[in-house]
Amino acid sequence: MNTHRTPFIDRRHFLRGLGMALALPAFESLNVGFAATAPRVMPRRLICIGNHLGFWPGGFFPTAAGRDYAISQTLAPLQAHRGDFTVFSHLDHGAKGGHGAVHSFLTGVKKEESAGFPEKNISIDQVAAEHVGAATRYPSITAGIGEGTDMCWNRAGVNIPPVDNPARLFEARFVESSAGAKAADRERLSNRASVLDALRESAKQLGGNLDAADRSKLDQYLTSVRDVERRLKMSEAWLGRPKPKSPIDPVKDEERMQIEEIPLFLDLMTLALQTDSTRVATFEVPLGFHTRDLDVGSYHGLSHHSKQEGLLTQLQVVEKYLMTQFAHLFGKLKEAGLMDSTLVVIGSGMGNASNHSNRNLPVLLAGGGLKHQGHLVCPEEERKRIQLSNLWLSTLQWFGVVRERFGRSTGTFSPMKIG
């Protein structure tokens, strides 16, 4: 192995490259360790589901506010769980860009604007995953159909792509790696540790030649290095720990329709939470979701309905299918006794796909043991609007994260007690 000391690497470049390594979805468990004993209090969990094209506003939002609202057409499949969720109106990040701004749903910050934020455009799931740390084998799992919707981002500003094969997700959670694979993992971790040693030494050599502002940046850099070192050590520790036994038959790697994969993914996510393999899970529905499996037109084409009755009818078939899967997820969480300890976020960074608007996003919050408000209508007037990032900040505080800001937040979410 080459142990030559490398020259100092630009911090932004280093974190981007390292973030990509850390972000490989769930097949390398970085930021993990042992949970010494079973927690006395039920740990809190977070599920975030993002749909690139959102939901037709005319069918998603109820017409009345409060708990006694008449359920909307799109939300109708959730009727049996209506006491377990809140749907919000008039929340967004103030973003513009149509499809190009959808990725800011869980971050509040577009990637092009992330340089001006200390944590770049990190998403709430990854903040929660950092908080979980050593408690589970996997800090988070990211799953989705096809290419996903660029929903998950680490603090280096690197997108975390979803696992798009349910068989791979099953194997990562429940199938033991071979001795050879574990040896290769250990060698890879050792090599990364050597790189970190070289980076730390190079950074220290610069320390005496920097002004106060640059020393502060260097301190942040070294803190990041130490954090990665801690993750590597915990990752190595988990290599010797057996994975949980699967309560279901192995998931085969075979051809499936996407409408068959979605419920399978959601079941696997529930199992991962139930076995405490992770406490943070995300799922992404892409623009290219194969809606022809539902005997309707292309998803993207239907989203540009221009209020044409025929196209809207087909779009509602798709949205009913998706909401039916989310109702199934709620049912599974209840069966597992996890609903009150799991907060489920469902929504999109697209407010109205027909005109590419990123305003008035569809946002639904379920579970978590909260006192849900039915349809919570937030202020529509521009100067009184509430940032969606405020809701995300309160969500993170509910999860146990101690922080006062997130993304573009101006405070916690005042219309409803969450954190």
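For the range 336-349, indicate whether the set of residues that are modelled with pLDDT of 95 or more, within 13 Å of Leu53 (Cα to Cα) and more than 18 Å from the chain's Cα centre (by Cα) is non-empty. Write out each step before concluding.
As a first pass, look at the range 336-349 and keep what is modelled with pLDDT of 95 or more: 336-349.
From the residues that got through so far, the ones that are within 13 Å of Leu53 (Cα to Cα) too are 346-349.
Still in the list and also more than 18 Å from the chain's Cα centre (by Cα): none.
Checked against the condition, which is being modelled with pLDDT of 95 or more, within 13 Å of Leu53 (Cα to Cα) and more than 18 Å from the chain's Cα centre (by Cα), the range 336-349 yields no hits at all.
Given (1) over 24 Å from Asn165 (Cβ atoms); (2) crowded, with 20+ Cβ neighbours inside 10 Å, where does Met269 come up short, assuming only one miss?
(1)
Does the range 388-397 contain at least one residue that is touching a residue at least 60 places away in the same chain (Cβ under 8 Å), aliphatic (A, V, I, L, M) and under 23 Å from Phe55 (Cα atoms)? Quick ask: steps written out before the conclusion?
Our first condition is that a residue be touching a residue at least 60 places away in the same chain (Cβ under 8 Å); within the range 388-397, this holds for 388-389, 391-392, 395-396.
When the remaining residues are screened for being aliphatic (A, V, I, L, M), the result is 388, 391, 396.
Next, only the ones that are under 23 Å from Phe55 (Cα atoms) stay: 388, 391.
Among the residues of the range 388-397, at least one is touching a residue at least 60 places away in the same chain (Cβ under 8 Å), aliphatic (A, V, I, L, M) and under 23 Å from Phe55 (Cα atoms), which makes the answer yes.
What residue, among those in the range 235-266 that are part of a helix (DSSP H, G or I) and modelled with pLDDT under 95, is surrounded by the fewest Cβ atoms within 10 Å (Cβ to Cβ)?
Per the criteria, the residue is Ala237.
Quick test of your reading of the structure: Glu130 fulfils all but one of (1) within 23 Å of Asn352 (Cα to Cα); (2) acidic (Asp, Glu); (3) in contact (Cβ under 8 Å) with a residue 60 or more places away in the chain. Name the failing condition by number.
Going through the list (1) within 23 Å of Asn352 (Cα to Cα); (2) acidic (Asp, Glu); (3) in contact (Cβ under 8 Å) with a residue 60 or more places away in the chain, Glu130 breaks only (1).
Determine if the range 126-133 includes at least one residue that is within 19 Å of Gly349 (Cβ to Cβ), touching a strand residue (DSSP E or B) at 6+ places or on another chain (Cβ under 8 Å) and either at pLDDT 95 or above or basic (Lys, Arg) (or both).
yes
Please go through the range 96-128 and pick out each residue that is of a type in the set (A, V, I, L, M, F, W, C) and closer than 20 Å to Glu284 by Cα.
Keep residues of the range 96-128 that are of a type in the set (A, V, I, L, M, F, W, C), which gives 101-102, 105-106, 109, 115, 117, 122, 124, 127-128.
Listed by number, the residues that qualify are Ala101, Val102, Phe105, Leu106, Val109, Ile122, Ile124, Val127, Ala128.
Pick out the one residue from Arg45, Arg67, Arg82 that is of a type outside the set (A, V, I, L, M, F, W, C), modelled with pLDDT of 95 or more and surrounded by 22 or more Cβ atoms within 10 Å (Cβ to Cβ). Let's see the steps before the verdict.
On the way: Arg67 fails: surrounded by 22 or more Cβ atoms within 10 Å (Cβ to Cβ); Arg82 fails: surrounded by 22 or more Cβ atoms within 10 Å (Cβ to Cβ).
Checking each option against the conditions leaves just Arg45.
Of all residues in the range 273-296, how many are out of contact with any strand residue (DSSP E or B) (no Cβ under 6 Å at 6 or more places or on another chain) and not hydroxyl-bearing (Ser, Thr, Tyr)?
Of the range 273-296, the ones out of contact with any strand residue (DSSP E or B) (no Cβ under 6 Å at 6 or more places or on another chain) are 274-277, 286-296.
Filter once more, so that each one left must be not hydroxyl-bearing (Ser, Thr, Tyr): 274, 276, 286-290, 292-296.
Within the range 273-296, residues that are out of contact with any strand residue (DSSP E or B) (no Cβ under 6 Å at 6 or more places or on another chain) and not hydroxyl-bearing (Ser, Thr, Tyr) number 12.
In the set Thr149, Thr107, Thr136, which member is farther than 16 Å from Cys48 by Cβ, crowded, with 19+ Cβ neighbours inside 10 Å and not small (Gly, Ala, Ser)?
On the way: Thr149 fails: farther than 16 Å from Cys48 by Cβ; Thr107 fails: farther than 16 Å from Cys48 by Cβ.
After ruling out the rest, the residue left standing is Thr136.
Taking Ser409 as the residue in question, decide whether it is of a type in the set (Ser, Thr, Tyr) and in contact with a helix residue (DSSP H, G or I) (Cβ under 6 Å, 6 or more places away or on another chain).
Numbers: of a type in the set (Ser, Thr, Tyr): yes; in contact with a helix residue (DSSP H, G or I) (Cβ under 6 Å, 6 or more places away or on another chain): yes.
Taking the combined requirement at face value, the residue satisfies it.
Show the residue pairs meeting these rules: Cβ distance below 7 Å; 6+ apart or different chains; first residue within the range 111-125 and over 18 Å from Gly97 (Cα atoms); second residue assigned to a helix (DSSP H, G or I).
Going by the 7 Å Cβ cut-off, the qualifying pairs are Lys120/Ser114; Ile124/Trp392; Ile124/Thr395; Ile124/Leu396.
I'd like the residue in the range 83-133 that is in a strand (DSSP E or B) and out of contact with any helix residue (DSSP H, G or I) (no Cβ under 8 Å at 6 or more places or on another chain) and, out of all such residues, is nearest to Gly367 (Cα to Cα).
We begin by selecting, within the range 83-133, every residue in a strand (DSSP E or B); these are 85-89, 92.
Okay, now just the ones that are also out of contact with any helix residue (DSSP H, G or I) (no Cβ under 8 Å at 6 or more places or on another chain), so 86, 89.
Details: Thr86: 9, Ser89: 18 Å.
In this case the residue turns out to be Thr86.
The values are calculated or read from the model by the stated rules, or taken from the named source; none is laboratory data. Computed from a predicted structure; not experimentally measured. Every residue, glycine as well, gets a Cβ built from its backbone with ideal geometry; the counts of neighbours run over all protein chains shown.
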